[in-house]
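Below you'll find the structure, written out as structure tokens, and then a few comments.
The values are calculated or read from the model by the stated rules, or taken from the named source; none is laboratory data. In this text the structure is predicted, and so the values were computed from the model without any measurement. Using ideal geometry, Cβ is built from the backbone for each residue, glycine included, and neighbour counts are taken over all protein chains shown.
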Amino acid sequence: MTDVFISYKQEEREKMRPIADALSALQVDVWFDERLSPDRSFTEEIQHLTQICKAQLVCWSPSATASEWVRGEAEKGRQRGVLVAVMVEACELPPPFNMHHAENLTGWNGDRKHPGWRKVLETIGRKIDRPGLAELDALSASSDSEAWKRWAQKYPNDPCADAAWSKIEELEIGAARARTAQQREAAKKAAAEAAAKPKPQTSRPASSDNAASFRSAAFDTGASQRKSPPWPLIIVGAIAAVGVLGFMLKPAPAPAPGVQPGLFGLPGQNPDEIEAIRKAEEEKATQAAQGQADDNAYAIAQAANTIRGYEMYLSSYPNGRNAEQARAAQQALQSSFAPAPSAAAAAAPANYSAFDVDQLNASVKYSAQQARNFEERGKNAATRARNGEAGMESYKSDKGGGYDGEKGKVGDPLVGASTTAGGDSYTGQYVYAEPANRREGYGVYIWSNGNIYEGQFANSVRAGYGVLWDKQGKLISSGIWKDDYLSTSLSK
């Protein structure tokens, strides 16, 4: 069922396109097509859509208020209670529509922070049973995984919930990789600081003078006691003195090479042994820190439980103490991967015979043809990846979606094919990036509703020359795209 039917004056079609594109980007099923000529009555299709759409968005302008067709469509929406009105150009609304609030979108250029746009989304969201629509739009440019998680938990049945979980996974894996890198650097820094500490100094053995003073003090009973000596104590002291003297006069064993003699000839400490103990303790501390960082990185890979997650762990710890378990888990995921065509791929036509590129502007036509060339190359790479050929990779997310194609290192150009949790697919050029490859260059993007974009991409969004078709091959729009929106419409 169509979510939103957009009513507008035919001559103002391009002014309305940012609204239609913004709603489509939120996975809202939008009817936005060529309008009927004034001398024609409603077709069965339009009659049907205006009767079943969940929301009818009327875009008021001076031209629209003068159009019987726009007013007629708006009246149907008003009677059904699905009317959502916006004013795209200042005008006086005719009765009875002047009794219905119209949100002010005059001069709106796609700014998601525009208060009027947020209110429009809130109203549409209520009517199409997607209460989180406005929050999703405000969140779309955020890299806060916790904010995405709160939204996905709050609206688990929203059509974009699966895509939100995929976004969360990408953000958390990227953050985890950054934390692991910080822990690794911290461990290296701690080891370097420990090695730079000054070596401990060995104790200096007591001198013979000190020993003599100690012996003198031990035998000095005090001058006052010599005046009336207690003979029993003198006898006992004499016996003890003889024993101590005999021990002192006994030859001490020769110290080991490099060992300093201690007090009374007792064994001292070897400086080399002290240094060896210090180094062993430093090595033990470093290994413990590195082991903890290894365990933390593996725990993150386990939590993600994706082929890419384990691959990221193994790239940092190829010989880590969890490497064997990580490789086993990665192989288990790879063996369980049975690629199936996405809903978008199934909806796509078998050939492009209905997609007449000759009607396009020359630059757009060239871009579409290049996109088809790289689509074919991407399909071939995806097949080779699924067959396990060297230099290729296949991975999928446990939330849905995945990638099949060429493998590389960060910054490398690639070709391949991917699907999203929401059922969309893209085949064409990529650039290898973490935590996920980004669409960069020429390619073909197919939405789950069958609409197809052929053209250029930059940083994973539509940017450059491109064309948007519906699933029957009918031209929707073409021209120069910027930040995923059509900025300049071009015709032949």
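Of the numbered conditions (1) at negative phi; (2) surrounded by fewer than 16 Cβ atoms within 10 Å (Cβ to Cβ); (3) part of a loop (DSSP other than H, G, I, E, B), THR488 satisfies every one except a single condition; which is it?
Result: THR488 fails condition (3) only.
Under 8 Å between Cβ atoms, at least 6 apart or on separate chains: pull out the pairs that start in region 318-339 with a residue that is under 16 Å from GLY402 (Cα atoms) and end on any residue that is modelled with pLDDT under 85 and in a helix (DSSP H, G or I).
GLN330/ILE307; GLN330/TYR310; GLN330/GLU311; GLN330/LEU314; LEU333/ILE307; LEU333/TYR310; GLN334/ILE307; PHE337/ILE307
So GLU434 fits all but one of (1) of a type outside the set (S, T, N, Q); (2) outside any strand (DSSP E or B); (3) without any contact (Cβ under 8 Å) to a residue 40 or more places away in the chain; what number is the exception?
Condition not satisfied by GLU434: (3).
Report, by residue number, each residue of region 1-23 that is in contact (Cβ under 8 Å) with a residue 60 or more places away in the chain and either surrounded by fewer than 18 Cβ atoms within 10 Å (Cβ to Cβ) or of a type outside the set (A, V, I, L, M) (or both). Let's see the steps before the verdict.
Of region 1-23, the ones in contact (Cβ under 8 Å) with a residue 60 or more places away in the chain are 3-5, 7-9, 12, 14-19, 21-23.
Within region 1-23, ASP3, PHE5, SER7, TYR8, LYS9, GLU12, GLU14, LYS15, ARG17, PRO18, ASP21 qualify.
Those residues that are assigned to a strand (DSSP E or B) and farther than 19 Å from SER425 by Cα, I need them from region 458-475; list them, please.
Of the residues in region 458-475, the ones assigned to a strand (DSSP E or B) are 458, 461-469, 475.
Selection gives GLY464, TYR465, LEU475.
With the requirement that a residue be at pLDDT 80 or above, surrounded by 19 or more Cβ atoms within 10 Å (Cβ to Cβ) and not in a helix (DSSP H, G or I), what does region 276-322 give you?
Result: TYR317, GLY320, ASN322.
Condition test on SER353, is it over 18 Å from GLY455 (Cβ atoms), over 26 Å from the mean Cα position of the chain (by Cα) and at pLDDT below 85? Let's see the steps before the verdict.
Numbers: over 18 Å from GLY455 (Cβ atoms): yes; over 26 Å from the mean Cα position of the chain (by Cα): yes; at pLDDT below 85: yes.
For SER353, the condition - over 18 Å from GLY455 (Cβ atoms), over 26 Å from the mean Cα position of the chain (by Cα) and at pLDDT below 85 - is met.
Return the total of residues in region 126-155 being crowded, with 18+ Cβ neighbours inside 10 Å, over 27 Å from the mean Cα position of the chain (by Cα) and outside any loop (DSSP other than H, G, I, E, B).
Looking only at that region, the number is 1.
Could you list all residues from region 60-115 that are at positive phi and in contact with a strand residue (DSSP E or B) (Cβ under 8 Å, 6 or more places away or on another chain)?
Here is the first cut: in region 60-115, the residues at positive phi are 81, 107, 110.
Within region 60-115, GLY110 is the sole residue that qualifies.
Could you go through region 100-120 and let me know if any residue there is over 22 Å from ILE19 (Cα atoms) and either assigned to a loop (DSSP other than H, G, I, E, B) or modelled with pLDDT of 90 or more (or both). It would help to see each step written out before you state the result.
Step one: of region 100-120, the residues over 22 Å from ILE19 (Cα atoms) are none.
No, the conditions are met nowhere in region 100-120.
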